[in-house]
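Heads up, the thing below is written out as structure tokens.
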Amino acid sequence: MFYVSCSMRVVSGIQPSGQIHIGNYLGAIKQWISLQEKNECVFFVADLHSLTVPYEPKELQNKIIEKVIAYIAAGLDPEKSIIFVQSQVKEHTELCWMLNTVCPIGELERMTQFKEKSKKFKNNINAGLFNYPVLMAADILLYKAHAVPVGKDQEQHVELVRSIAKKFNQKFGETFPEPKSMLPKIGAKIMSLADPKKKMSKSDDPKSYISLFDEPEDIQKKIMSSQTDSGKDVIYNITKKPGISNLIVIYGLLADKTTEEIEKQFKGKNYSEFKKSLSKTVIEYLEPFRRKQKELLLRDVYVKEILNKGKLRAENIAQTTIQEARKKMGLE
Ligand code: AQP
């Protein structure tokens with residue numbers, strides 16, 4: 001994590017695929033919440049990105065609203081942050097096309113996410129999946145962002161955004177700041193509960209992640225049956241004990257304890273005792289989120305109003321940038 005003394009523009013988003021889990025929260029949203037206090041923050045639901053993998057069109061609108069509710073339930077304040085839906089601000093796709101013309105294919109071919117998702121969705125390797133990082137560049141550069149709070153998996157994409165900004169600036173004149181990714185020092189890559197060698201992902205089996213709104217009994221079940229390693233000591237060792245180490249990271253972040261404190265607390269105790277205590281911590285931490293979510297699910301009009309306001313505020317910035325980019329590229 002880097003620290004900033006003055007206010008900056010911050011942009012980030014999450015796709016409306018699956019359910020927002022504690023990996024998304026600890027890697028990204030938790031940072032958003034503290035950043036919104038002193039910075040100009042722009043957070044969106046990345047619906048256009050979610051079209052690049054198989055999805056159900058009839059369910060998409062509900063999934064988008066679910067994500068907005070999750071943002072607010074987790075602590076985003078619509079008075080402080082601009083919250084909107086990506087596809088409602090058309091400038092994202094216009095800038096994406098412009099940036100496509102300065103982004104070398106070779107750089108897109110190197111992207112780990114493209115390689116992984118191409119393997120995962122063998123029958124749907126579409127051009128959108130390939131171009132995903134260019135749309136992400138548009139999402140960020142449209143707001144001339146300085147910082148992009150994301151988890152580790154998105155770091156490579158933000159690097160590419162910097163490279164695209166540089167290329168555009170060199171070709172057409174100084175236009176975009178080169179944004180930096182902001183990763184939390186701990187928790188930038190929370191691993192799957194079912195396979196601690198894999199990242200926790202919302203498009204995987206729900207047993208492999210804890211959603212922000214899982215009911216207490218489900219949280220307990222998932223943690224108690226999470227994959228742990230041979231042996232029984234609660235000790236952090238990422239290579240030899242990836243399962244228990246991942247759970248220690250989650251415990252530490254939610255209970256605000258260091259690894260050493262946790263190891264000391266569970267000295268002489270076994271995995272099961274540790275998991276019970278972790279379940280309790282997670283259930284308690286997420287309780288206010290669940291409560292707020294239930295409240296917001298009944299406030300349809302309020303949520304729509306937030307999105308309408310957010311769209312207008314986002315458009316205001318986006319239109320100024322797009323006009324500048326159009327002029328620089330000779331389109332006006
Ligand atoms: N396991 C994770 N640990 C820490 N941070 C994570 N993020 C994702 N997984 C973890 C961060 O959360 C944000 C979500 O971004 P996204 O919705 O664009 O998708 P993603 O990065 O591909 O996340 P998922 O959960 O794996 O979603 P699916 O399965 O839909 O692809 C990003 O900031 C990401 O870094």
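The values are calculated or read from the model by the stated rules, or taken from the named source; none is laboratory data. Here the structure is a predicted model, which means the values were calculated and not measured. Here the Cβ positions follow ideal geometry from the backbone for every residue, glycine too, while neighbour counts run over all protein chains shown. In case anyone asks, the SASA skips ligands and DNA or RNA and just uses the protein heavy atoms, side chains included. Shrake-Rupley method; radii C 1.70, N 1.55, O 1.52, S 1.80 Å.
What the table shows:
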read-out: 3J(HN,Hα) from dihedral phi, the stretch 309-321, Karplus parametrisation 6.51/-1.76/1.60, rounded to Hz, x for glycine, proline; value: 5, x, 4, 4, 5, 5, 4, 4, 6, 4, 5, 5, 5
read-out: Carbon plus sulfur fraction of accessible area for the stretch 213-294, probe 1.4 Å, in percent; value: 51 percent
read-out: Percentage relative contact order, the stretch 109-215, counting C-alpha pairs under 8 Å, at least six apart; value: 21 percent
read-out: Computed FRET value (nearest 0.05) for Asp218 with Glu37, which takes r as the C-beta separation and R₀ as 35 Å; value: 0.60
read-out: Computed E for Lys197/Arg110 - FRET, C-beta separation, R0 22 angstrom, nearest 0.05; value: 0.50
read-out: Stretch gain in nm, segment Lys276-Ile125, where the contour uses 0.36 nm per residue and the Cα spacing is subtracted; value: 50.2 nm
read-out: Distant-in-sequence amide H partners of Gly13 (H built 1.01 Å from N, under 5 Å); value: Phe44
read-out: Per-pair calculated FRET efficiency, R0 = 51 Å: Thr101 and Lys264 via Cβ, rounded to 0.05; value: 0.35
read-out: Percent of alpha-carbon pairs separated by more than 17 Å within the stretch 213-294; value: 44 percent
read-out: Cα centroid separation, the stretch 86-127 to the stretch 175-219 (Å); value: 21 Å
read-out: Cα-based helix-to-principal-axis angle, 57-74 vs the chain, degrees rounded to 10; value: 70 degrees
read-out: Rg ratio (alpha-carbon, reference 2.2 N^0.38 Å) - the stretch 101-198; value: 1.18
read-out: Under-5 Å amide H pairs with Lys199, H placed in peptide plane, nonlocal only; value: Ser192
read-out: Percent RCO, i.e. relative contact order, over the stretch 173-332, from Cα pairs under 8 Å lying at least 6 residues apart; value: 20 percent
read-out: Relative contact order of the stretch 1-128, defined on C-alpha pairs under 8 angstrom at six or more residues apart (%); value: 28 percent
read-out: Kirkwood hydrodynamic radius (C-alpha pairs) into Stokes-Einstein, the chain, 4 °C and 1.567 mPa s, D in µm²/s; value: 62 µm²/s
read-out: Where the stretch 213-294 is the region considered: accessible area per residue in Å², 1.4 Å probe; value: 55 Å²
read-out: Extension gain, Lys304 back to Thr320 (0.36 nm per residue minus Cα-Cα distance, nm); value: 3.3 nm
